[in-house]
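Peer 1: Handing you this structure, nothing more for now.
The values are calculated or read from the model by the stated rules, or taken from the named source; none is laboratory data. Keep in mind that this is a model prediction, so the values were computed, not measured. Here the Cβ positions follow ideal geometry from the backbone for every residue, glycine too, while neighbour counts run over all protein chains shown. SASA here: full protein model, heavy atoms, side chains in, ligands and nucleic acids out. Shrake-Rupley method; radii C 1.70, N 1.55, O 1.52, S 1.80 Å.
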Amino acid sequence: MTTDNWLADTRTSYDTVAVSYNDQARDAIGGDPHRRAALEVFADRVKAAGGGPVADLGCGPGHVTAHLRRLGVDAFGIDLFPGMIAVARYDHPDLHFEVGSMTDLHLSDASVAGLLAWWPLIHIPDDEAPTVFAHCRRVLRLGGPLQLGFHVGDTTQLETQHYGGHPMTVYVHRRQPDQVASWLCGAGFEIEVQWLCSPDDHVPQASLFARRSS
Ligand SMILES: C[S@@+](CC[C@H](N)C(=O)[O-])C[C@H]1O[C@@H](n2cnc3c(N)ncnc32)[C@H](O)[C@@H]1O
């Protein structure tokens, strides 16, 4: 695999893992008070900004989208991989999910009240990040909140199996929060909070809260 066809390879890779990823991820929020708190803060920020539709980007099997709905947020999901969207629609038939890429969001300008992107950024190469955040700014209303989750570090790793030992061919990019914050600020966002989760783990996690400021 080369980085040139990373989008096709990511899509194919997640083809093999949709069901097992769902099995592993389904209860992840319930068992993690910090992730639950992050979603509650996000839901409060959406409501404080006036409410409205919220896109869960890289929604995977839709469990986070469903959690946002339980928090009173009008959330829908977008994911690159049709198999993930099929699982999401099956598990959450009352919610709206669509296939799409963060690199080319087919949403109207200023059409969403909030954006959540929990960990799809790990599959976006550096040179595509400004495009992704330009799309985020375009589709988000002025003042609307954005929350990102991502792996912290300085390396890019080629994963060849994951989520229950299924074969994958996908790059996983780890970033420093300041790097992600710099991309966001360059795209017209203001950083509100950076959380560093499990800093002593081999791969710490970050949760970054921002809002569209211009
Ligand atoms: C690690 S999973 C996270 C899923 C879910 N957000 C969660 O928190 O469990 C990453 C997800 O991002 C999706 N993804 C990867 N690249 C994407 C892109 N360019 N646009 C939209 N989704 C993407 C993958 O299909 C996968 O479902």
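Peer 1: Within segment 144-160, can one find any residue that is small (Gly, Ala, Ser) and assigned to a strand (DSSP E or B)?
Peer 2: yes
Peer 1: So is LEU142 closer than 19 Å to ILE191 by Cβ and crowded, with 21+ Cβ neighbours inside 10 Å or not?
Peer 2: no
Peer 1: Also: If you check GLU159 against the conditions, is it surrounded by fewer than 17 Cβ atoms within 10 Å (Cβ to Cβ) and at pLDDT below 95?
Peer 2: Judged against the criteria, GLU159 is a match.
Peer 1: Quickly run through segment 176-214 and pick out the residues that are touching a Leu at 6+ places or on another chain (Cβ under 6 Å) and open to solvent by 50 Å² or more (accessible area, probe 1.4 Å).
Peer 2: The one that is touching a Leu at 6+ places or on another chain (Cβ under 6 Å) and open to solvent by 50 Å² or more (accessible area, probe 1.4 Å): GLN194.
Peer 1: Still on this structure, I have one more. Can you confirm whether ASP104 is open to solvent by 70 Å² or more (accessible area, probe 1.4 Å), within 21 Å of THR10 (Cβ to Cβ) and modelled with pLDDT of 95 or more?
Peer 2: Judged against the criteria, ASP104 is a match.
Peer 1: Using the structure shown, decide if TYR14 is more than 28 Å from VAL139 (Cα to Cα), open to solvent by 10 Å² or more (accessible area, probe 1.4 Å) and either aromatic (Phe, Trp, Tyr) or at pLDDT 95 or above (or both).
Peer 2: Spelling it out, it is not the case that TYR14 is more than 28 Å from VAL139 (Cα to Cα), open to solvent by 10 Å² or more (accessible area, probe 1.4 Å) and either aromatic (Phe, Trp, Tyr) or at pLDDT 95 or above (or both).
Peer 1: Given (1) out of contact with any strand residue (DSSP E or B) (no Cβ under 9 Å at 6 or more places or on another chain); (2) farther than 28 Å from ASP9 by Cα; (3) in contact (Cβ under 8 Å) with a residue 40 or more places away in the chain, identify the lone condition not met by SER111.
Peer 2: (1)
Peer 1: Are any residues in segment 50-75 away from the ligand (no atom under 13 Å from the Cβ) and either modelled with pLDDT under 95 or surrounded by 20 or more Cβ atoms within 10 Å (Cβ to Cβ) (or both), and if so, which ones?
Peer 2: Once the filter is applied, which keeps residues that are away from the ligand (no atom under 13 Å from the Cβ) and either modelled with pLDDT under 95 or surrounded by 20 or more Cβ atoms within 10 Å (Cβ to Cβ) (or both), segment 50-75 yields VAL54, VAL73.
Peer 1: Mind listing whichever residues of segment 167-182 are in contact with a strand residue (DSSP E or B) (Cβ under 7 Å, 6 or more places away or on another chain) and of a type in the set (Ser, Thr, Tyr)?
Peer 2: THR169, TYR171 - these are the residues of segment 167-182 that are in contact with a strand residue (DSSP E or B) (Cβ under 7 Å, 6 or more places away or on another chain) and of a type in the set (Ser, Thr, Tyr).
Peer 1: Would you point out which residue out of GLY83, GLY72 is touching an Asp or Glu at 6+ places or on another chain (Cβ under 6 Å) and farther than 26 Å from PRO177 by Cβ?
Peer 2: GLY83
Peer 1: Name, by its number, the condition in (1) closer than 21 Å to GLY149 by Cβ; (2) within 11 Å of the ligand (Cβ to nearest atom) that does not hold for ALA113.
Peer 2: Every condition holds for ALA113 apart from (2).
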